[in-house]
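The values are calculated or read from the model by the stated rules, or taken from the named source; none is laboratory data. Note that the structure is predicted; figures quoted are calculated from it, not measured. So basically every Cβ, Gly included, is an ideal-geometry build from the backbone, and we count neighbours across all protein chains shown. In case anyone asks, the SASA skips ligands and DNA or RNA and just uses the protein heavy atoms, side chains included. Shrake-Rupley method; radii C 1.70, N 1.55, O 1.52, S 1.80 Å.
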Amino acid sequence: MHSQLSYMNDTIVALATAQGLSAIAVIRLSGEDAIAITQKVFSGRNLEAQPSHTVHFGTLRDGDKIIDEVLVSLFKAPNSFTKENSVEISCHGSPVIVKEIIKVLLKHGARLAEAGEFTKRAFLHGRFDLAQAEAVADLINAETDNARQAALNQMRGGFSREINTLREELIHFASLIELELDFGEEDVEFAKRDDLRELIKRIQKYLRALIESFDQGNVIKNGVPTVIAGKPNAGKSTLLNTLLNEDKAIVSDIPGTTRDVIEDEMILGGINFRFIDTAGLRETQDVIEAIGVERTRERMKKASLIIYLFDLSLATIEEILHEEQGLQQLGIPYIKVGNKVDRATPAFVEELQKHNFTFISASNKTNITELKDKILASFQVKTVKAGDVLVTNLRHYQNLLQTNEALQRVLDSMDNGVTGDFLAMDIRQALHYLGEITGTITTDDLLDNIFSKFCIGK
Ligand code: GDP
């Protein structure tokens, strides 16, 4: 393995734009030799003599062969994203050109960037903290305007500043308590317990608000996993098609043909509902279908919302109420939908009206807007505005919970007259979890884990 230092000194290269044909592609280099390496293959101005933040036209060559006509943008350290010398080569967007250019840059001393390595370097050089770096990835992956705004807020500082301030106050107390420990047997108290208690309560109040915001933040970032369930032939595939307006799922007259779980997404009112079609819950003898049914049960347990379809052309009120009992036991919010309302008798519909059903016809597209309103009403999120602080990241959420627990132990210990060394230990724990959010405290594993989820070129 390479040492962290030489590895950080390498000049890295990657395609920064999407793979495939496009009008223009951008290849990005970063590292001490980024400009020097580019100069070796560039014919035009002497790049190293040019000022930062300038763009230069010329040809990129492999020996005598011209690969393409390009524009080269220069960013000199420390005034670049990574704070290293950086170059962006804009070439024509052909995969062949991109491959040839990267190949010739590798030949002259660059190495291929790892996933997220540009952002990792920016973080390690102190451009932003870890929570902000993670927000860069969230911003790129944002699928709704709400998700974009939440990521942008986090990238622009979000709760990082606040967390660091609270952390510093805690560090102050931790050091006073540790000082007490140095005095051993002597009965000294540098850290006023009442002040510490007050500080912890203030921090906990702030933490709790952040922790609670995750309910919304998670929905905004990850969407709502929504299962469409019901007996075979109830019309699940038809409904999915109607909702998505496309023919992704197989619709057929033979019960049990939607064997696989098909996932699709629909954005409603700024929320991404991830619809999961299922194989139905009929007891089955067919082994392959049985796997599908098992998967459906698993999926249902993971769902945040179940849209449950009853076939009004077949079911009796007793059957429906019996089926609903099973549904209730899952303890997950659900919407009861009576499908095939076109085949139901008016008396039957009237009877069911008492039981809070939404009546639709999936195939005739009757009452679909009403159903969409019901779906949306079950997950109201408010529009995210600039400056709103929202926890959207599971890692941050878990660390906030752990910090809060450690602080609670400090409070409990003080109430029970526990000695300073135990207080100090729990405060250190709290500091550790808080520090991991913004990256004041990191390990190689933590960083690898975070940045490996980025794409190459980011
Ligand atoms: P799934 O097994 O629950 O996925 O059911 P499908 O979506 O494959 O539908 C089963 C059958 O019911 C198909 O023949 C559909 O055309 C039909 N169907 C679905 N929705 C309706 C509806 O609202 N009215 C009527 N009359 N038939 C429907």
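Table for the structure above
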| quantity | calculated |
| --- | --- |
| Solvent exposure, largest accessible area first (probe 1.4 Å, DNA, RNA and ligands not counted), of HIS92, HIS56 | HIS92, HIS56 |
| Largest to smallest accessible area among CYS455, CYS91 [probe 1.4 Å] | CYS455, CYS91 |
| Per residue, in Å², the accessible surface of the chain once ligands and nucleic acids are set aside, probe 1.4 Å | 50 Å² |
| Sequence ranges 371-382, 27-38, ranked by mean other-Cβ count within 10 angstrom, highest first | 27-38, 371-382 |
| The stretch 389-398 - phi-based ³J(HN,Hα) in whole Hz, Karplus 6.51/-1.76/1.60, Gly and Pro as x | 9, 9, 8, 10, 9, 4, 4, 5, 4, 5 |
| Amide H contacts under 5 Å for LYS458, placed H, 5+ residues apart | GLY116, GLU117, PHE118 |
| Contact order normalised by residue count of the chain, Cα under 8 Å, 6+ apart, percent | 17 percent |
| Inter-probe distance in nm under a simple model that places probes 7 Å from Cα toward Cβ, at GLN353 and THR316 | 2.4 nm |
| Relative contact order for the stretch 2-128, counting Cα pairs under 8 Å that sit 6 or more residues apart, in percent | 29 percent |
| Probe 1.4 Å, all protein chains present, accessible-area order of LEU181, LEU199, LEU112, largest first | LEU112, LEU181, LEU199 |
| Equivalent ellipsoid semi-axes, the chain, via Cα gyration tensor eigenvalues times 5, rooted, Å | 49, 39, 17 |
| Share, in percent, of DSSP beta bridges within the stretch 2-128 that are antiparallel, nearest 5 | 95 percent |
| Length-normalised contact order of the stretch 375-446 in % [C-alpha pairs under 8 Å, at least 6 apart] | 31 percent |
| Accessible surface of the chain, 1.4 Å probe, proportion on carbon and sulfur as whole % | 51 percent |
| Sequence-distant residues sharing a close amide H with ASN272 (under 5 Å, placed H) | GLY223, VAL224 |
| For LYS385, solvent-accessible area (1.4 Å; no DNA, RNA or ligand), Å² | 120 Å² |
| Using alpha carbons only: equivalent-ellipsoid semi-axes of the stretch 333-458, gyration tensor based, whole Å | 52, 23, 12 |
| The stretch 40-51 - phi-based ³J(HN,Hα) in whole Hz, Karplus 6.51/-1.76/1.60, Gly and Pro as x | 4, 10, 9, 10, x, 5, 6, 4, 5, 8, 8, x |
| Viscosity 1.002 mPa s, 20 °C: Kirkwood-radius Stokes-Einstein D of the stretch 2-128 over Cα pairs, µm²/s | 148 µm²/s |
| Over the chain: helical MRE at 222 nm, DSSP H runs n ≥ 4 each giving -39500 (n - 2.57), nearest 500 | -15000 deg cm²/dmol |
